[in-house]
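Let me begin by presenting the structure, written as structure tokens, before commenting on it.
The values are calculated or read from the model by the stated rules, or taken from the named source; none is laboratory data. Every value quoted in this text rests on a predicted model; they were computed, and no experiment measured them. Note: ideal-geometry Cβ built from the backbone for every residue, glycine included; neighbour counts use all protein chains shown. The accessibility values were calculated without ligands, DNA or RNA, using every heavy atom of the protein model including side chains. Shrake-Rupley method; radii C 1.70, N 1.55, O 1.52, S 1.80 Å.
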Amino acid sequence: MTDPVLTLALIAFGLLLVALPLAFWSLSGGRSSTVVRLLVAGANVSLTAQLTLRWWESGHFPISNLYESLCFLAWACTLTQLLVERSWASPLVGAAATPMGLGCVAFASFALPDRLQAASPLVPALRSSWLVMHVSVIMVSYAALLVGSLLSVAVLFTERGRQLELRSSSIGSGGFRRAQLAAVPGGGEASSGQGLELSSVAIGVSEQLDSLSYRTITVGFLLLSVGLVSGAVWANEAWGSWWSWDPKETWALICWLVYAAYLHTRLSRGWQGRRPALVASAGLVVIVVCYIGVNLLGIGLHSYGWFLGA
């Protein structure tokens, strides 16, 4: 192996490949693994070095073709995973999110032909300062939405026999207060101000997962909104039109609408737990279609640097 860029990608692949079974091993034991986090952090460092080296070699931001885009997405997914695990160190996070980073690196390193892995000059439409702003924000938003959606999928399979009810916390992390009216000794009803008992109740695994998924998807949705607006500005500058209903633009809008529906059901309709998790799971499929499926056709204004549009 003479290309250091590919070597660094393979190192990241190896680290994530080792981390994946360890993550599921930790999940079966019910305890978070420091080793898994260190392996994922090592993969993230390796991908950081790879993208930096590719940037230095090519002279442009390394996100102009499918190989660079997949590596950048893997970097963003591993970073998001580490940030989520910092909020809640659970083996479920590693088991749910590690396959995404591993899949991106594996597809980039082994499925793509050599001509798509090689660096190439930017097409005229990409020679803009908007490249870093628009594409990087979109890719980071995809990573946050993917990790958040995977956590939602995990909600569907954890504590399936338990009624999932999310409750707010007014005393910080570690639990929440529940007010109960205790019966007055003797069988009478409690009078006003009497029999009021405050007790702390532990937050369940599904509730914690759902909360993390909701927060992660919210961040991803905000970034996706910024990415769509910046893309419209760039499109007007490059092609003279704010919106052209290009297949990539259309599916990005569909993705935005799906996650807008997810947030609407939670904020306005009061949905919680497994019902919004189903919406987030649908969003996972939409992102895959938008990111990979549309580009397999090689059509539209966003087909440069991809399979049939290369």
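Selection within the stretch 265-280: residues that are buried (at least 16 other Cβ atoms within 10 Å of the Cβ) and modelled with pLDDT under 75. The member of this set that is farthest from SER206 (Cα to Cα) is TRP271. Set side by side, the residues LEU102, LEU73 differ, and just one is closer than 17 Å to GLY42 by Cα, at pLDDT 90 or above and either in contact with a strand residue (DSSP E or B) (Cβ under 9 Å, 6 or more places away or on another chain) or open to solvent by 10 Å² or more (accessible area, probe 1.4 Å) (or both), which is LEU102. Scanning the stretch 76-94 for residues that are of a type in the set (A, V, I, L, M, F, W, C) and modelled with pLDDT of 90 or more yields a total of 6. Here VAL35 passes the criteria (1) modelled with pLDDT under 95; (2) surrounded by 17 or more Cβ atoms within 10 Å (Cβ to Cβ); (3) within 30 Å of VAL205 (Cβ to Cβ) except the one numbered (2). Please verify whether THR52 is surrounded by fewer than 21 Cβ atoms within 10 Å (Cβ to Cβ) and among the β-branched types (Val, Ile, Thr), treating the condition exactly as stated. Here the answer is yes, as THR52 does meet what is asked.
Return yes when SER87 is more than 21 Å from GLY283 (Cα to Cα), open to solvent by 40 Å² or more (accessible area, probe 1.4 Å) and among the polar types (S, T, N, Q) and no when it is not. So SER87 passes the test. Contact map, the stretch 14-32: residues that are at pLDDT below 90 paired with residues that are open to solvent by 80 Å² or more (accessible area, probe 1.4 Å), Cβ distance under 7 Å, separation 6+ or inter-chain. No pairs are found. Looking at LEU73, LEU51, just one residue is at negative phi, among the aliphatic types (A, V, I, L, M), under 16 Å from the mean Cα position of the chain (by Cα) and part of a helix (DSSP H, G or I), and that residue is LEU73.
Conditions tested, residue by residue: (1) touching a His at 6+ places or on another chain (Cβ under 8 Å); (2) assigned to a helix (DSSP H, G or I); (3) open to solvent by 20 Å² or more (accessible area, probe 1.4 Å); (4) not polar (S, T, N, Q).
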{"position": "VAL233", "(1), (2), (3), (4)": "no, yes, yes, yes"}
{"position": "ASN236", "(1), (2), (3), (4)": "no, yes, yes, no"}
{"position": "SER241", "(1), (2), (3), (4)": "no, no, yes, no"}
{"position": "TRP245", "(1), (2), (3), (4)": "no, no, yes, yes"}
{"position": "LYS248", "(1), (2), (3), (4)": "yes, yes, yes, yes"}
{"position": "ALA260", "(1), (2), (3), (4)": "no, yes, yes, yes"}
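Within the stretch 55-70, restricting attention to residues that are open to solvent by 10 Å² or more (accessible area, probe 1.4 Å) and among the aromatic types (Phe, Trp, Tyr), the residue that is farthest from the chain's Cα centre (by Cα) is TRP56. Applying a threshold of 7 Å to beta carbon distances and a minimum spacing of six or more residues, or different chains, the list of pairs starting in the stretch 111-137 at a residue that is touching a residue at least 60 places away in the same chain (Cβ under 8 Å) and closer than 16 Å to TRP55 by Cβ and ending at one that is polar (S, T, N, Q) and outside any helix (DSSP H, G or I) reads SER120/ASN65; LEU122/SER64; LEU126/SER64.
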